[in-house]
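To start, the structure itself, in structure tokens.
The numbers here are math on the coordinates, done by the rules we state, and not lab data. Predicted, not measured: the structure shown is a model, and the values here were computed from it. When we count neighbours, we look across all protein chains shown, and the Cβ atoms used for this are built from the backbone with ideal geometry, even at glycine.
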Amino acid sequence: MIPTLAILISGNGSNLQAILDAVASGQLDARIAVVVSNRKDAFGLVRAERAGIPTRYHALKPYRDRGQERTDYDADLAALLAEYAPDWVVLAGWMHIFSHEFLRHFPNRIVNLHPALPGQFPGAHAIADAFAAYHRGEIDHTGIMVHLVPDERVDEGPVLATQTVPILTDDTEETLAARIHAAEHALLVETLREMTR
Ligand code: GRF
């Protein structure tokens with residue numbers, strides 16, 4: 001059976017695009033059942049629609065406005081995804097942290113991509129943090145990782161793949177980010193290939 005992916009995004013979706021391209025070219029033997037965004041204006045939703053993939057928008061704000069808990073949001077997202085029976089839930093630039101109420105539905109089946117090496121620079125500003133650490137003389141390279149999400153820790157969990165990314169003396173944060181994103185696109189697709197083989 002061809003593995004089914006649910007891909008969660010919050011923004012540009014360039015990693016989603018890499019997966020879409022890999023599926024379209026036959027490099028990755030998988031079916032993308034749905035792309036979910038927590039942001040309505042995420043460009044990744046446009047990428048998915050162009051590729052004919054079903055999209056869903058699942059916003060947190062209405063839950064907050066109704067005085068509901070984050071766990072209610074997470075439970076509903078899990079139910080939404082369950083409609084598509086994904087083998088793997090891929091967090092490709094998804095900017096929410098999950099509670100157990102979501103995680104318990106997909107044990108060992110949630111994959112996250114993070115633009116730093118294991119144990120370094122968790123959180124939303126990993127590239128800026130690495131760039132600053134480089135200029136303080138603390139590191140001479142950074143990297144990326146793909147890992148499973150077993151619990152509520154941020155950007156931690158069993159590592160599936162890593163790759164170092166050099167930082168060059170004339171890098172700006174933008175040139176470093178571009179090099180990191182290019183590496184992410186390749187590593188995420190390659191890791192999904194390994195996992196779905
Ligand atoms: C990537 O750097 C990913 O590692 C991080 O968010 C970024 C998403 O980029 N978690 P994009 O939306 O795939 O272009």
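Restricting attention to the stretch 142-191, which residues are part of a strand (DSSP E or B) and either touching a Cys at 6+ places or on another chain (Cβ under 9 Å) or among the aliphatic types (A, V, I, L, M) (or both)?
Taking the stretch 142-191 first, the residues part of a strand (DSSP E or B) are 142-148, 159-166.
The answer is I144, M145, V146, L148, V159, L160, A161, V165.
I'm checking my understanding of the structure. Among residues of the stretch 163-195 that are among the hydroxyl-bearing types (S, T, Y) and surrounded by fewer than 16 Cβ atoms within 10 Å (Cβ to Cβ), which one is farthest from the chain's Cα centre (by Cα)? Steps first, answer last, please.
First, the residues of the stretch 163-195 that are among the hydroxyl-bearing types (S, T, Y): 164, 169, 172, 175, 191.
Checking which are surrounded by fewer than 16 Cβ atoms within 10 Å (Cβ to Cβ) leaves us with 164, 169, 172, 175.
Numbers: T164: 18, T169: 29, T172: 24, T175: 21 Å.
Checked the stretch 163-195; the qualifying residue farthest from the chain's Cα centre (by Cα) is T169.
Kindly evaluate V89 against the criterion of being out of contact with any Lys or Arg (no Cβ under 7 Å at 6 or more places or on another chain), within 16 Å of the ligand (Cβ to nearest atom) and not in a helix (DSSP H, G or I). Walk me through it before giving the result.
Working: out of contact with any Lys or Arg (no Cβ under 7 Å at 6 or more places or on another chain): no; within 16 Å of the ligand (Cβ to nearest atom): yes; not in a helix (DSSP H, G or I): yes.
It is false that V89 is out of contact with any Lys or Arg (no Cβ under 7 Å at 6 or more places or on another chain), within 16 Å of the ligand (Cβ to nearest atom) and not in a helix (DSSP H, G or I).
Count, please, the residues in the stretch 1-37 that happen to be within 12 Å of the ligand (Cβ to nearest atom), touching a strand residue (DSSP E or B) at 6+ places or on another chain (Cβ under 9 Å) and not in a strand (DSSP E or B).
Number satisfying all stated conditions: 7.
Scan the stretch 83-136 residue by residue and report those that are farther than 14 Å from L8 by Cβ and hydrophobic (A, V, I, L, M, F, W, C).
Of everything in the stretch 83-136, those that are farther than 14 Å from L8 by Cβ and hydrophobic (A, V, I, L, M, F, W, C) turn out to be A85, A116, L117, F121, A124, A126, I127, A128, A130, F131, A132, A133.
Could you list, in sequence order, the residues of the stretch 60-119 that are within 15 Å of the chain's Cα centre (by Cα) and of a type in the set (D, E, K, R)?
R109
Quickly run through the stretch 131-154 and pick out the residues that are away from the ligand (no atom under 16 Å from the Cβ) and in contact with a Pro (Cβ under 6 Å, 6 or more places away or on another chain).
Result: H141, single match.
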